[in-house]
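Scroll down for the structure; my scribbles are underneath it.
The values are calculated or read from the model by the stated rules, or taken from the named source; none is laboratory data. None of these values were measured; they are calculated from a predicted model. Using ideal geometry, Cβ is built from the backbone for each residue, glycine included, and neighbour counts are taken over all protein chains shown. When the accessible area is computed, the model is the full protein with side chains, heavy atoms only, and any ligands, DNA or RNA have been set aside. Shrake-Rupley method; radii C 1.70, N 1.55, O 1.52, S 1.80 Å.
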Amino acid sequence: MEFEGEHLLPGRIGQFFVLLAFVASIISTIAYFTASRKTDLVEKRSWTRFARLSFFTQLVSILVIFGIIFYICSNHFFEYLYAYKHASTELESKYLLACIWEGQEGSFLLWAIWHGILGLFIMFRIKEWEAPVMTVISLAQFFLMMMLLGLYVGDVRLGSNPFILTRNEIAGPIFSQPDYLTYIKDGVGLNVLLRNYWMVIHPPVLFLGFAATIIPFAFAYAGIQSKRYGDWVKPALPWALFGACVLGVGIMMGGKWAYESLSFGGYWAWDPVENASLVPWMILVAGLHTMVIYKATGHSLKASYLFAFLSFIFVLYSTFLTRTGILGDTSVHAFTDAGQAINVMILLFVVAFTVPSLVLFFMNLKKIPSEKKEENTNSREFWMFIGALVIFLAAIFIIAKTSIPVYNKILGTSIAQPEDVEFSYNKVIILVAIIIGLLSAIGQYFKYRKTESGQVLKKLALPTLLAAVITALFAVFYPIGYYKMGAGFLGAIYVALFASVYAFVANAMYIWSGLNGKLKAAGGSVAHLGFAMMLAGILFSSSNKEVISSSAANGINLQISGKDPLTKQTDNPTENLTLIRQVPAAMGPYEVTYLKDSLGNEKGRRFYELLFQRKDKATKKVVEEFRLNPDVYLMKGNNMSSNPDTKSYLGKDVFTFISYTINKENLPEDTAQFKIIELAEGDTGFYSKGMFILNRVVKNPDNEKYHFKPDDLALMADITFISKDSMHYKASPLVHIDQYGLNQVDDTVYAQNLYVKFAGVTENKARIGIKESDMIIEYVTLKAYIFPHINLVWLGLIIMSIGIVMSAVQRAKLSPFYGALALIASAAGLFYMFLLAN
């Protein structure tokens, strides 16, 4: 049968390049491996040239595949399942890239692209280590390309091809018809939670970080393979710093996305997917510290090997956790089960890198050189190693808890997560934060090898005193108000606050006095200073977070509200404020009014305009006013997905999201009619819930609502409604004549579900129309927080990242021009993304 309207050529070309990339990755792996084993330089160069050609071929093929997928999705060729599942005609063009990496295939492709680009830098900058390092990268490309093959071996399909056709994958009678495409009006489209600009940039940055972790792994392998056990550390260290910076930024971009899109009520919720990306970063940070130790003293080489291997191994394990569907019940943004065959392939990917690397490590453990002399406790390397060990153990704790679904799957157990998941992590990590904060403060005041104790104590005396005084001032003038977990945990928070202040002050003073202001060598101190600031921001914004929405403000306590995406528990209804349209209510220091709502460009999306006013308590004059526009995607069954909106100040964020709203499309038609009543000024009329008074009829009104000139033809009825519970409401319907004829401007009293019309005048009387609607009153339920000093989190991240870039620039020995360019570009980009873009 010949199907009508299909565009099969792009898919066939794409399929060809998938096969070409797969074959090229095999050839480049074999060629680089062979080159790494050759001692004859001529043969080595010959194999290397061949390997490079193969690697270029697979990189070009991957880029072509990506371009074809983009072309198919942007043109809405729904005959391809990938476009049908991830694109839609309503999708804004800025989300087209996000819809590509929403799927497994697109994200694997993105990962492979970064491997390819990083591979180019390795080829041209580190030729000495090219063959063994590129062997590892090419092998990873082989597994990633295998995920995209989509070839059948017997009844088993290897991988998931992005160019498979919809009619071959979805069963349905329409697919047996030649014109089946005429019945497919639109695609499923991008998940509404991912329709956020962070989803355009967060996955590429995160996957660049993932891809970068393979380089220290590959260098460690090259060190063992070449028997040059310690030589790999120097060229690998700048890459480890680069990976730590990019992966850390990528993780926090995910945190910003969660903050803006998931209505977590925060930027971190210990979601398993968050944890899965955090753990490799923590191990990489531990590893780069041990690598610095080795460079300076010759200690910690074995630990450097182990951490270099484990950081990439845990990237692969994270991939297994998030893409096999095993976290489906515990995470809000894990991939669903992709099928047994691809799950097995992902497991093979993990095993292929884990087993050989650890076997090599332990087989060569005795050959790896180590200093016979133990580190002196008065040395910098000792405390740096303790810090790296604490970070590593914290990472193991996090991944062990995150892997509970894996234990249950393998052992058939039913171990449950604790009732309060967040606290189960927080009570351990707060201790880790204290230790790391203190070590960050004191570590740099020690010298390598040995330091005189009295000298360190003398230098630390002033920063210790300053930190104690600043913490005490915070306790008095801006106390931590997190009491719900008891005095012990509150005490731990204060100790952590002291540690963060101590780290900030000590590192600032070290840059000033210890380094004599030499910023070029201050990368480590700047990174620690940024970490300290971020830690303080986390403590303040989390502990003093305040819910300012309360049902007590207007007494409307609907037993409906949003659900916490992590615990699946319903929010406390009393912490949600239900606003009736046009009826203001108090919320914290503000008076909030739900003004109106409007449809977005995408199906089911509705924006809600909320007016926030802060008034002077004495004069009641408005001293501040702003509007927020949170939105929701309304779906079938009155399900909804909420996107918060935030008003950012230097010292706080006012964070608001819709926790419940009605779907107007499900409401029945309004059949109520206007009832006309003739009234003179001062007369009283009645309706079912109370009475109303026509105060006066105003000719050509000029007030807050209307602005007519004296020679216009307009009449406004000034009416006061008094409900049975003695509440007063104003309405001002209007009738006016212009060049187009008679116009009526109706008014509403939403609190009473009333529509009011000025229907005209008779002799000395006005004709007032009243419609008591049968419709549900328009309202929204919202939840609002104040996050104090949350900008410290983002600013601390920016400074920490800049510090890591400074260290990477110094270690890589970049020229002043390129070093400055890297610093300025990274600083400007981070500052814009985390503090300005919204």
Self-check item: Whole-Å distance, taken between Cα centres, linking region 160-234 and region 410-440
Solution: 30
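Pulled fully out, how much extra length does the chain show between residue 386 and residue 624, if you take 0.36 nm times their separation in residues and subtract their Cα-Cα distance? If you can, show how the numbers build up before the last one.
On the way: separation 238, 0.36 × 238 = 85.68 nm, distance 5.06 nm.
Taking residue 386 through residue 624 to full extension adds about 80.6 nm, to one decimal.
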Self-check item: Per-pair calculated FRET efficiency, R0 = 60 Å: residue 688 and residue 127 via Cβ, rounded to 0.05
Solution: 0.10
Quiz prompt | Accessible area (Å², 1.4 Å probe, nearest 10) - residue 142 | solution = 50
Quiz item: So how much accessible area does residue 74 have, in Å² to the nearest 10, using a 1.4 Å probe?
Solution: 40
Quiz item: When the scattering of region 128-279 is computed by the Debye formula from its Cα atoms alone, each counted once and equally, what is log10 I(q)/I(0) at q = 0.09, 0.11, 0.14, 0.15 Å⁻¹?
Solution: -0.51, -0.71, -0.95, -1.01
Quiz item: So who's got an amide H within less than 5 Å of the one on residue 300, skipping anything under 5 residues away but keeping other chains? H placed 1.01 Å off N, in plane.
Solution: 371
Practice problem: Mark the label point 7 Å from the Cα of residue 648 along Cα→Cβ and return the residues of region 595-610 whose backbone N is within less than 20 Å of it. | Solution: 610
Exercise. Starting from the amide H of residue 789, placed 1.01 Å from N in the peptide plane, find each other amide H under 5 Å away whose residue is 5 or more places distant or on another chain.
Key: 652, 653
Quiz item: Which sequence of 367, 771 reflects their accessible areas, 1.4 Å probe, from the largest down?
Solution: 367, 771
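Go through 413, 39, 593 and list them by solvent-accessible area, largest first, probe radius 1.4 Å.
Numbers: 413 55, 39 130, 593 15 Å².
Putting 413, 39, 593 in descending order of accessible area: 39, 413, 593.
Would you kindly state how much longer the chain becomes between residue 427 and residue 680 on full extension, computed as 0.36 nm times their sequence separation minus their alpha carbon distance, in nm to one decimal? Don't skip to the answer; put the middle values down first.
Working: separation 253, 0.36 × 253 = 91.08 nm, distance 7.04 nm.
In short, 84.0 nm is gained.
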Quiz item: If you plug each phi of region 479-494 into the Karplus form 6.51 cos²θ - 1.76 cosθ + 1.60 with θ = phi - 60°, what whole-Hz ³J(HN,Hα) values come out, in order, with x for Gly and Pro?
Solution: x, 6, x, 8, 9, 5, 9, x, 5, x, 5, 4, x, 5, 4, 5
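Might you tell me the accessible area per residue for the chain, computed with a 1.4 Å probe and given in Å²? Working shown, then result.
On the way: 37370 Å² over 838 residues.
Counting only protein heavy atoms, the per-residue value for the chain is 45 Å².
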Quiz item: What figure in square angstrom, to the nearest 10, would you give for the accessible area of residue 742 with a 1.4 Å probe?
Solution: 120
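Please list 149, 365 from largest to smallest accessible area, probe radius 1.4 Å, with all protein chains kept in place.
365, 149
Please give the calculated 222 nm ellipticity per residue for the chain, where each DSSP H segment of at least 4 residues contributes -39500 (n - 2.57) and the sum is spread over every residue; nearest 500 deg cm²/dmol? Please report the intermediate quantities before stating the final value.
Numbers: 21 runs with 410 residues, N = 838.
That comes out to -17000 deg cm²/dmol.
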Quiz prompt | Alpha-carbon spread of region 155-221, three principal axes, descending order, Å | solution = 56, 37, 14
Quiz item: With a sphere of radius 13 Å drawn around the Cβ of residue 6, what net charge do the other residues whose Cβ falls strictly inside it have (Lys, Arg +1; Asp, Glu -1)?
Solution: -2
Quiz prompt | C-alpha center-to-center spacing [region 448-477, region 119-145] in angstrom | solution = 46
Self-check item: region 36-106 versus region 258-323: alpha-carbon centroid distance in Å
Solution: 26
Practice problem: Run a plain Debye calculation on region 5-156 (Cα atoms as equal point scatterers, no solvent) and give log10 I(q)/I(0) at q = 0.13, 0.17 Å⁻¹, rounded to two decimals, same order as the q list. | Solution: -0.63, -0.92
Exercise. Of the listed pairs 295/373; 596/705; 256/484, which have alpha-carbon separations greater than 22 Å here?
Key: 256/484
Practice problem: May I ask you to evaluate 6.51 cos²θ - 1.76 cosθ + 1.60, the Karplus curve with θ = phi - 60°, for each residue of region 644-651 and list the ³J(HN,Hα) values in order in whole Hz, giving x for glycine and proline? | Solution: x, 10, 9, 9, 9, 10, 4, x
Exercise. Using only the C-alpha atoms of region 576-671, find the volume of their convex hull and express it per residue in Å³.
Key: 125
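Where Rh denotes the Kirkwood radius from the mean inverse Cα pair distance, what is Rg over Rh for region 439-551?
Dividing the radius of gyration by the Kirkwood radius yields 1.07.
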Quiz item: How much length is gained if the chain between residue 367 and residue 120 is pulled fully straight, taking 0.36 nm per residue apart and subtracting their Cα-Cα distance, in nm to one decimal?
Solution: 85.7 nm
Practice problem: Provide, for q = 0.12, 0.14, 0.20 Å⁻¹, the log10 of I(q)/I(0) from a solvent-free Debye sum over equal Cα point scatterers in region 621-757. | Solution: -0.79, -0.96, -1.14
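Looking at this model, which pairs from 409/783; 234/366; 447/520 are more than 30 angstrom apart at the alpha-carbon? Please list the in-between numbers first.
Working: 409/783 37 Å; 234/366 21 Å; 447/520 19 Å.
Too far apart for the 30 Å limit: 409/783.
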Practice problem: Run the numbers on the chain and let me know its relative contact order in percent, using alpha-carbon pairs under 8 Å that are six or more apart. | Solution: 10
Self-check item: Estimated distance in nm for a label pair at residue 711 and residue 613, the labels positioned 7 Å out from Cα along Cα-to-Cβ
Solution: 3.4
Self-check item: Mean projected area (nm²) of the alpha-carbon convex hull when region 766-838 is viewed from all directions
Solution: 10.7
